[in-house]
1. Shape call for the range 282-403 from the C-alpha gyration tensor, a ≥ b ≥ c root eigenvalues: rounded (a/c under 1.5), prolate (a/b greater than b/c) or oblate?
2. For the full complex of protein chains and a 1.4 angstrom probe, list H158, H54 by accessible area with the highest value first.
3. Express the accessible area of the chain per residue in Å², computed with a 1.4 Å probe while the remaining protein chains stay in the model.
4. What is the percent carbon and sulfur in the accessible area of the range 366-453, measuring with a 1.4 Å probe over the protein chains and ignoring ligands?
5. Once Lys and Arg get +1 and Asp and Glu get -1 on their Cβ, which of S406, G354, F176 lies farthest toward the positive end of the dipole of the chain?
6. Run the 1.4 Å probe and let me know the accessible area of R264, rounded to the nearest 10 Å².
7. With every protein chain left in place, what is the accessible area of M175 in Å² (1.4 Å probe, nearest 10)?
8. Grab the Cα-Cα distance for N74 and A50, subtract it from 0.36 nm times how many residues apart they are, and report the gain in nm with one decimal.
Amino acid sequence: MPGQSAASLKRKPTLVPYTEEYISWGRYPKVSHRHVHKPAWGDQLSAIFASASHGSLLPYGLGRSYGDSCLNANGALIDCRRLNRILGFDASTGVVRCESGVSFADLVAVFLPKGWFLPVTPGTKFVTVGGAIANDVHGKNHHCAGTFGAHVRQLGLHRSSDGPVVCSPAENPSMFRATIGGLGLTGVIAWADIQLRPVTGAWIDAEVVPFQSLPAFLDLSRESDGRFEYTVAWLDCFAGKSARGIFFRGNHAAETGKAFRLKRGPKLPFALPAWFLNRYVVKAFNSAYYQAHALKKGPSLTSYDSFFYPLDTIRQWNLFYGKQGFLQYQCVIPESNLDALEELLDRIARSGMGSILGVLKKFGNASAAGMMSFPRPGLTLALDFAMRGERTLQLMRSLDQVVEQSGGALYPAKDARMSPAMFEASFPHWRQFASYIDPAMSSSFWRRVTEGQ
Ligand SMILES: Cc1cc2nc3c(=O)[nH]c(=O)nc-3n(C[C@H](O)[C@H](O)[C@H](O)COP(=O)(O)OP(=O)(O)OC[C@H]3O[C@@H](n4cnc5c(N)ncnc54)[C@H](O)[C@@H]3O)c2cc1C
């Protein structure tokens with residue numbers, strides 16, 4: 001690849017929390033793996049495929065998927081985090097070539113000072129490039145930039161049968177589309193070329209707008225989508241159908257001259273007791289969050305880190321939910337079916353099992369970059385629920401009924417329990433994708449949703 005050499009792209013030390021524990025972000029389910037391979041170089045992957053003595057294989061990034069899509073119970077994982085080299089950069093185009101274990105935190109640390117930023121980013125910077133491709137992640141700019149996969153120019157895929165294969169829209173295009181959003185099942189992504197987007201600095205012209213109903217949220221989305229690159233809303237999920245919330249929108253600011261320093265936040269050292277996040281605490285938090293942000297309404301200059309990654313401020317915040325962990329429920333509902341969204345919010349409010357983190361966003365109309373990409377036109381709602389056993393699972397099954405009837409879908413990256421029927425409803429063409437799966441690969445998620453295991 002033409003451009004700057006890897007040696008000239010010195011990486012600042014970053015704060016990627018590195019754990020030896022192989023769990024997912026929701027800490028549910030907890031499974032055992034027979035072996036974890038830790039390649040340091042891409043050319044070690046062939047030897048790993050050759051040693052099939054530990055059962056099926058699955059690549060693992062930073063474990064920021066919430067459920068079991070990054071787990072492979074009784075099989076083996078390939079921990080890709082040591083494949084973390086930046087291989088080259090073309091400053092004239094903004095295309096970076098990097099290994100798949102490079103994190104978004106690292107990409108921002110290296111390229112923001114050079115005037116380049118991620119084309120799409122999820123709500124945490126602690127994800128790897130490989131993980132972001134395999135879930136075809138979306139961000140606050142889906143309405144104008146589509147998903148991360150739309151900015152992957154080409155990638156190097158290691159398959160057990162074929163060895164390294166280059167995939168792009170021109171070369172092996174079907175395998176390229178299968179690998180974007182392919183849940184790590186088509187092979188190990190060794191490296192990728194990513195198109196970055198130019199920016200003038202670390203600051204966002206942000207605006208906070210409180211709203212009191214779902215139609216008001218929709219009006220704000222429609223009005224903002226043409227003017228703001230980033231839009232998202234936080235929702236008070238105890239408000240039921242009245243759906244009050246806070247709308248956040250923003251654009252990269254022009255040169256401000258203001259210095260920015262990344263702060264290291266506190267770390268939650270251990271899991272809090274399960275009773276800590278009871279319904280009264282969660283309700284009080286929702287109310288306080290709404291009031292505090294409603295007071296801050298209006299424009300402000302906000303750092304990219306506070307705007308995109310507020311949750312990264314507290315490291316290991318997932319321990320708030322206690323030892324049993326938590327589940328995230330993320331669905332997309334066609335916009336024409338606002339009643340379904342109201343019904344979901346009503347069922348959640350009536351269950352008393354509210355969530356601290358209710359996020360609502362209108363996806364744009366971008367066509368899917370991958371065969372199994374989750375984003376599609378509609379409204380996506382994401383909510384966290386402490387795992388309280390059957391009670392929690394029952395609520396989620398009741399939400400599934402509404403999502404399925406509305407013609408909606410669930411997001412595999414956030415899922416730990418959807419049924420095969422719900423998966424089929426969400427991805428009716430999954431059998432076509434299945435023909436691209438590497439025979440050496442499997443995951444707990446895939447076995448659960450396709451074989452009911
Ligand atoms: C706080 C928080 C906020 C989030 N916000 C968003 C959001 O706004 N939008 C969104 O879309 N998602 C969001 N997510 C989910 C997260 O972005 C995805 O789950 C992402 O894929 C995690 O990346 P990872 O590197 O941790 O991968 P992992 O979770 O370890 O793995 C994810 C998948 O990628 C596969 N994989 C990993 N590395 C490779 C590789 N080298 N080759 C092939 N396959 C590989 C795995 O097998 C697995 O299927 C959020 C998660 C958290 C914790």
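1. Details: a/c = 1.43, a/b = 1.06, b/c = 1.35.
The shape class here is rounded.
2. Working: H158 15, H54 50 Å².
Largest to smallest exposure gives the sequence H54, H158.
3. 40
4. Working: 1660 of 3210 Å².
Of all accessible area on the range 366-453, carbon and sulfur atoms account for 52 percent.
5. G354
6. Using a 1.4 Å probe on the heavy atoms, I get roughly 150 Å².
7. 30
8. On the way: separation 24, 0.36 × 24 = 8.64 nm, distance 1.83 nm.
Gain in length upon complete extension: 6.8 nm.
The values are calculated or read from the model by the stated rules, or taken from the named source; none is laboratory data. As the structure is a computational prediction, the values presented were derived from the model and not from experiment. Here the Cβ is made from the backbone with ideal geometry for all residues, glycine too, and neighbour counts use every protein chain on show. Keep in mind that these areas ignore ligands, DNA and RNA; they rest on the heavy atoms of the full protein, side chains included. Shrake-Rupley method; radii C 1.70, N 1.55, O 1.52, S 1.80 Å.
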